[in-house]
Amino acid sequence: TAGQVVIAAIRERELSVDECLKAVRGPAVGGVAVFVGTVRDHDGGRGVAALEYTAHPRAGGEIVRVAAGVAAVHPVRAVAVTHRVGLLGVDDIAVVVAVGATHRAEAFTACRRLIDDVKEHVPIWKRQVFADGSSEWVGAC
Amino acid sequence: TAGQVVIAAIRERELSVDECLKAVRGPAVGGVAVFVGTVRDHDGGRGVAALEYTAHPRAGGEIVRVAAGVAAVHPVRAVAVTHRVGLLGVDDIAVVVAVGATHRAEAFTACRRLIDDVKEHVPIWKRQVFADGSSEWVGAC
Amino acid sequence: MTIRYWAAAREAAGVAEERQHADTLADLLATVSERHPGRLAAVLACCAFLVGDVPVGPREHADVLLVDGCVVEVLPPFAGG
Amino acid sequence: MTIRYWAAAREAAGVAEERQHADTLADLLATVSERHPGRLAAVLACCAFLVGDVPVGPREHADVLLVDGCVVEVLPPFAGG
């Protein structure tokens, strides 16, 4: 049976690791792999004060599609992913991914795939506010 | 600078994912990879009711040594690992590993390595109690 | 039709959206690049586009015909997580 | 010397530890295998050993000399996590 997407959502409010962990645990699950992305105080040698995340209206649908895609092709029991939008300070949580599986290998593999796919396919952007007050959109070439 | 071993301990009491997560987060950390090992209700097609973990007195020192080993060779900021001993029921947490790093790739790689090394090098055993009341030591050949 | 800019494209264009007639996506992008000199042309070069909520994907911009009233969206490379 | 059994080895031996004189680790294991017929010999075959808290590792059991009063520990394959 394919894995179940328990949570796949874009959130305005603070994210909870516990929420995603609880969502994917269960009696048939032996291992949960979790990734928590947080705001770092530096990037490329410059001090960072904040990150502002913006999402395209399609982001909500895309994150569900991406999560379902991973759950369908990996032998896992449950997946959960939440991505935060809005203005975040240093050490705030921007994304949480959790995958529950029978064994750790599948949980880790699917967890890595899911965060990679979210970053690649979900239309979200982040503006980096540097300590000196300047800012720039990340990855805007 | 090598990563810091913030927590590396064998515990009698219930484990906390939040404890390990908090221990490895920080302003310089951009990604935290976490593994949570829990008791499954089945193994090899048989129903499992409980797992009893026993640790050798050397286990405390070994888990520190293993954690330090991973922290020394992986470009990570902080590691934390706690392993539970005693009688655990289905869905109870047996082990938590958390690694904080600048980027997710290093966090995931070191997290997987740490749980693998704990299982390979730390003298802990588990007795599986099946639903039918019988039991057997796991991996006892 | 309406062209809607996101993130770095919005910053480079200086507006969230604007109305501009054009027959093809290529014409549209050329026109707005002239109207907003500076970084917009460079940013557009690495953006993805939606036309009527449908990703343009690898299609040649000159081959993407625009109908009146449709919405073209300009999406810089995603940077979530 | 004292031989201390852990986990599956303890279960197979039926005792947590016992005293038994032997010159080498190989002799010791042969003696206790005879004393506890059944699974012990099979379990011992896949165990690791500590002599005086030092891992025996790959050394030949016949080459591991035992001094009086030392402690030999029998560790089945680890199964943490």
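The figures follow:
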quantity: Estimated [θ] at 222 nm from DSSP helical runs (n ≥ 4, -39500 (n - 2.57)) normalised by residues in the protein assembly as shown, nearest 500; calculated: -8500 deg cm²/dmol
quantity: Cβ-defined net charge surrounding residue C:56, 12 Å radius [Lys, Arg +1; Asp, Glu -1]; calculated: -3
quantity: Label point 7 Å beyond Cα along the C-beta direction, distances from residue B:139 to other copies (nm, shortest first); calculated: 3.8
quantity: Closest Cβ on chain B to the rotation axis that carries it onto A (distance rounded to whole Å); calculated: B:34, 2
quantity: Neighbouring partner chain Cβ atoms per residue of B:127-135, average, 10 Å criterion; calculated: 1
quantity: Exam field: residue D:19 pseudo-label spacings to other copies (7 Å along Cα-Cβ), nanometres; calculated: 10.2
quantity: Heavy-atom accessible surface of the stretch A:1-82: percent carbon and sulfur, 1.4 Å; calculated: 51
quantity: Peptides B:66-79, C:32-45 ordered by average Cβ neighbours within 10 Å, highest first; calculated: B:66-79, C:32-45
quantity: Charge sum, other residues only, whose C-beta stays under 11 Å from residue B:29's C-beta, Lys/Arg counted +1 and Asp/Glu -1; calculated: +1
quantity: Gyration tensor (alpha-carbon) shape descriptor, the stretch B:14-91, a/c threshold 1.5; calculated: prolate
quantity: Accessible surface of residue A:141 - all protein chains present, 1.4 Å probe, nearest 10 Å²; calculated: 90
quantity: Averaged over A:60-72, number of beta-carbon atoms from partner chains that fall within 10 Å; calculated: 0
quantity: Average beta-carbon neighbours from other chains, 10 Å sphere, peptide C:5-14; calculated: 4
quantity: For the stretch B:1-57 versus the stretch A:1-71, the gap between their alpha-carbon centres in whole angstrom; calculated: 20
quantity: Highest to lowest packing among A:85-91, C:14-20, B:52-58, B:33-39, scored as the average C-beta count within 10 Å; calculated: B:33-39, B:52-58, A:85-91, C:14-20
quantity: Cα-based equivalent ellipsoid of chain B: semi-axis lengths in Å, sorted from largest, via gyration tensor; calculated: 29, 15, 12
quantity: 0 to 90° range, to nearest 10: angle between helix B:104-121 axis and chain B longest Cα axis; calculated: 40
quantity: Other-copy label distances relative to residue A:89, 7 angstrom Cα-Cβ extension, nm; calculated: 4.0
quantity: The protein assembly as shown: Cys lacking any partner C-beta under 4.7 angstrom; calculated: A:20, A:111, B:20, B:111, C:47, C:70, D:47, D:70
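The values are calculated or read from the model by the stated rules, or taken from the named source; none is laboratory data. All values derive from a computational prediction rather than experimental measurement. With ideal geometry, Cβ positions are generated from the backbone for all residues, glycine too; neighbour counts draw on all protein chains shown. Remember, those area values only see protein heavy atoms, side chains included, never the ligands or the DNA or RNA. Shrake-Rupley method; radii C 1.70, N 1.55, O 1.52, S 1.80 Å.
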